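Here the structure comes first, spelled out in structure tokens, and everything after it is commentary.
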Amino acid sequence: MVSIPYIICSVLSFIPALVLHEVAHGFAAYKLGDPTAKSRGRLSLNPLKHIDPFGTVLLPAMLMFMGMPVFGYAKPVPYNPRYFKNPRRDDVIVGLAGPAANLAMAAVAAVVAWALYAPALGGLIDNELFAYFYLMFLPTFALVNLFLMFFNLLPIPPLDGSSIFAILLPAKYLPKYYRIQQYAFPVFMIVIVLFPYLFHFNPFSWYLGLTAGNLANLMFPFPIY
């Protein structure tokens with residue numbers, strides 16, 4: 001059964017992880033000359049500006065209660081590559097800005113964990129609230145951000161990894177690649193939900209454990225995954 005403290009820590013981790021991920025996309029595009037996200041209010045830190053009913057609410061809640069790694073997505077930040085000086089290069093920069101923001105937030109959690117490690121280990125800070133913060137919130141915050149980072153790096157449209165994959169394709173294949181984008185993600189989400197039940201194996205949990213889980217353990221002063 002999922003505990004109330006875990007739910008609270010997950011929500012408090014997931015919201016800033018998603019919001020700053022999307023704002024980073026919009027800010028990168030803005031710095032590269034595209035005002036689209038700024039003009040539509042998508043550089044705001046208000047979570048309501050970025051919520052996608054399924055990706056931000058239903059999917060992470062479902063994963064949380066299934067005991068799977070918590071990840072999801074928000075409404076994609078709009079941008080117009082026509083404003084970019086080098087569209088293919090700048091598209092990759094915008095795509096990587098979101099995962100980079102998640103990595104930075106996970107690193108902040110790890111730095112705090114290391115800074116408090118000696119006092120916590122020596123019993124200098126010994127109360128229940130600190131224990132929840134140190135042993136549950138910080139690891140959850142780092143893991144949620146790393147899960148989001150590696151999930152979004154998958155080369156599946158419209159995830160951020162698709163922009164990296166697109167720059168590797170020869171130009172003649174790009175039109176066909178862009179045509180299949182509208183079908184790839186819905187199929188992917190169906191697979192995420194059905195595959196574990198049909199085949200009793202969850203490749204996405206395995207992938208996130210191998211990537212985000214191992215990186216989180218390397219970053220923290222104690223194993224967290």
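The values are calculated or read from the model by the stated rules, or taken from the named source; none is laboratory data. Here the structure is a predicted model, which means the values were calculated and not measured. Positions of Cβ are backbone-derived with ideal geometry, glycine not excepted, and every protein chain shown enters the neighbour counts. Protein only, heavy atoms only, side chains kept; ligands, DNA and RNA dropped before computing areas. Shrake-Rupley method; radii C 1.70, N 1.55, O 1.52, S 1.80 Å.
Values computed for the structure shown
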{"quantity": "Relative contact order (%) - criterion: Cα under 8 Å, at least six apart; region: the chain", "calculated": "22 percent"}
{"quantity": "Separation between Cα centres of the range 89-121 and the range 1-68, rounded to whole Å", "calculated": "16 Å"}
{"quantity": "Extension gain from Ala107 to Tyr83, taking 0.36 nm per residue of separation minus the Cα-Cα distance", "calculated": "5.4 nm"}
{"quantity": "Gyration tensor (alpha-carbon) shape descriptor, the range 54-138, a/c threshold 1.5", "calculated": "oblate"}
{"quantity": "Relative packing of peptides 136-142, 10-16, 62-68 - highest average C-beta neighbours within 10 Å first", "calculated": "136-142, 10-16, 62-68"}
{"quantity": "Cα-based reach from Lys85 at 16 Å (exclusive), listing lysines while leaving out same-chain residues under 8 positions away", "calculated": "Lys31"}
{"quantity": "Helical mean residue ellipticity (222 nm; -39500 (n - 2.57) per DSSP H run of 4+; nearest 500) of the chain", "calculated": "-19500 deg cm²/dmol"}
{"quantity": "Residues of the chain: accessible area per residue with a 1.4 Å probe, Å²", "calculated": "54 Å²"}
{"quantity": "Separation in nanometres of the label points that stand 7 Å from Cα toward Cβ, at Tyr183 and Leu12", "calculated": "4.5 nm"}
{"quantity": "For the range 144-225: rounded, prolate or oblate by the Cα gyration tensor [a/c cutoff 1.5]", "calculated": "oblate"}
{"quantity": "Apportionment of accessible area to carbon and sulfur, the chain, percent (1.4 Å)", "calculated": "72 percent"}
{"quantity": "Relative packing of 105-112, 45-52, which averages over residues the other C-beta atoms within 10 Å, highest first", "calculated": "105-112, 45-52"}
{"quantity": "Order by protection proxy (mean Cβ within 10 Å, highest first), peptides 77-84, 113-120", "calculated": "77-84, 113-120"}
{"quantity": "Estimated FRET transfer efficiency when R0 is 25 angstrom, pair Val57-Leu129 (beta carbons, to 0.05)", "calculated": "0.35"}
